[in-house]
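Asks: Take a look at the following structure, please.
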Amino acid sequence: MRELGSPLPRFALPDVVSGEQVVSDDLLGHVSVVAFICNHCPFVIHLKQHLAQFGEHCASLGVKMIAISSNDVTTHPADSPENMAKDAERFHYPFAYLYDESQDVARAFDAACTPDFFVFDADGSLAYRGQFDASRPGKPTPVTGADLRAAVEALVEGRPVSSVQHPSIGCNIKWRS
């Protein structure tokens, strides 16, 4: 897992819905959430509706949130920018959904799977990396976003984020050969 306190990696990626470039500097000065997701992964599918709700919650707190897909679309065409845009519209994502074609941004974040979450403080220092919550597809544990929500709310309220952080579990990022 990426070391806490690490700086926000620099990036400039296209939003598949608006076509506009989103840059890492847009997140500075705000608590921010960066989610590595994709369209096809069962672990992400399990959360999609809840991600949209969480994005709305973040916006209500003044927290910036973006999502990034870094999967190789030659092997996983469901994760193409066109399909990403359809998914963003279908689930009413209130955040930019960015395409990392080179996969350089995923590498810079040390992202390993989908979903994988990173929370940065307003200075751009990593305060949380890990899971959305303890729910999993096919298991009875309800989706609450408890882990990610607690980290975001602690930063917004000026409290320290718990050092107890559980890694994300999901599908490996589909790296190009």
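Asks: What residue, among those in the range 7-24 that are touching a helix residue (DSSP H, G or I) at 6+ places or on another chain (Cβ under 9 Å) and in a loop (DSSP other than H, G, I, E, B), is surrounded by the fewest Cβ atoms within 10 Å (Cβ to Cβ)?
Replies: Arg10
Asks: Do we have Asp123 as surrounded by 19 or more Cβ atoms within 10 Å (Cβ to Cβ) and of a type in the set (Asp, Glu) here? Don't jump to the end; show me each part of the working.
Replies: Working: surrounded by 19 or more Cβ atoms within 10 Å (Cβ to Cβ): no; of a type in the set (Asp, Glu): yes.
No; evaluated as a whole, the condition is false for this residue.
Asks: Residue check: is Leu27 crowded, with 19+ Cβ neighbours inside 10 Å, within 19 Å of Val156 (Cα to Cα) and in contact with a strand residue (DSSP E or B) (Cβ under 8 Å, 6 or more places away or on another chain)?
Replies: Taking the combined requirement at face value, the residue satisfies it.
Asks: Enumerate the helices (runs of 4 or more DSSP H) found wholly within the range 61-177, keeping only those where 3 or more residues are within 24 Å of Gln21 (Cα to Cα).
Replies: 81-90, 104-109
Asks: Would you point out which residue out of Ala134, Ala146, Ala127 is small (Gly, Ala, Ser), out of contact with any helix residue (DSSP H, G or I) (no Cβ under 9 Å at 6 or more places or on another chain) and more than 18 Å from Ala12 (Cα to Cα)?
Replies: Being small (Gly, Ala, Ser), out of contact with any helix residue (DSSP H, G or I) (no Cβ under 9 Å at 6 or more places or on another chain) and more than 18 Å from Ala12 (Cα to Cα) holds for just one of Ala134, Ala146, Ala127, which is Ala146.
Asks: Still on this structure: Spot the failing condition for Lys139; the list is (1) over 24 Å from Glu56 (Cα atoms); (2) over 15 Å from the mean Cα position of the chain (by Cα); (3) surrounded by 19 or more Cβ atoms within 10 Å (Cβ to Cβ), and only one is missed.
Replies: Result: Lys139 passes all but (3).
Asks: Among the residues of the range 1-15, what is the count of those that are acidic (Asp, Glu) and more than 15 Å from the chain's Cα centre (by Cα)?
Replies: 1
Asks: Any idea which of Glu56, Glu20, Glu3 is acidic (Asp, Glu), out of contact with any strand residue (DSSP E or B) (no Cβ under 9 Å at 6 or more places or on another chain) and at pLDDT 95 or above?
Replies: The unique qualifying residue is Glu56.
Asks: Scan the range 30-42 residue by residue and report those that are over 13 Å from the mean Cα position of the chain (by Cα) and either basic (Lys, Arg) or surrounded by 14 or more Cβ atoms within 10 Å (Cβ to Cβ) (or both). Even if it seems obvious, please write down each step before you answer.
Replies: Applying the first criterion (over 13 Å from the mean Cα position of the chain (by Cα)) to the range 30-42 yields 30-31, 40-42.
Correct list: His30, Val31, His40, Cys41.
Asks: Do we have any residue at all in the range 47-61 that's in contact (Cβ under 8 Å) with a residue 40 or more places away in the chain and closer than 17 Å to Pro167 by Cβ?
Replies: yes
Asks: Another question, if that's okay. Would you tally the residues in the range 56-92 being crowded, with 23+ Cβ neighbours inside 10 Å and in contact with a Pro (Cβ under 6 Å, 6 or more places away or on another chain)?
Replies: Result for the range 56-92: 0.
The values are calculated or read from the model by the stated rules, or taken from the named source; none is laboratory data. The structure presented is a predicted model; accordingly, all values stated were derived computationally and were not measured. All Cβ positions, even for glycine, are placed from backbone atoms using ideal geometry, and neighbour counts span all protein chains on display.
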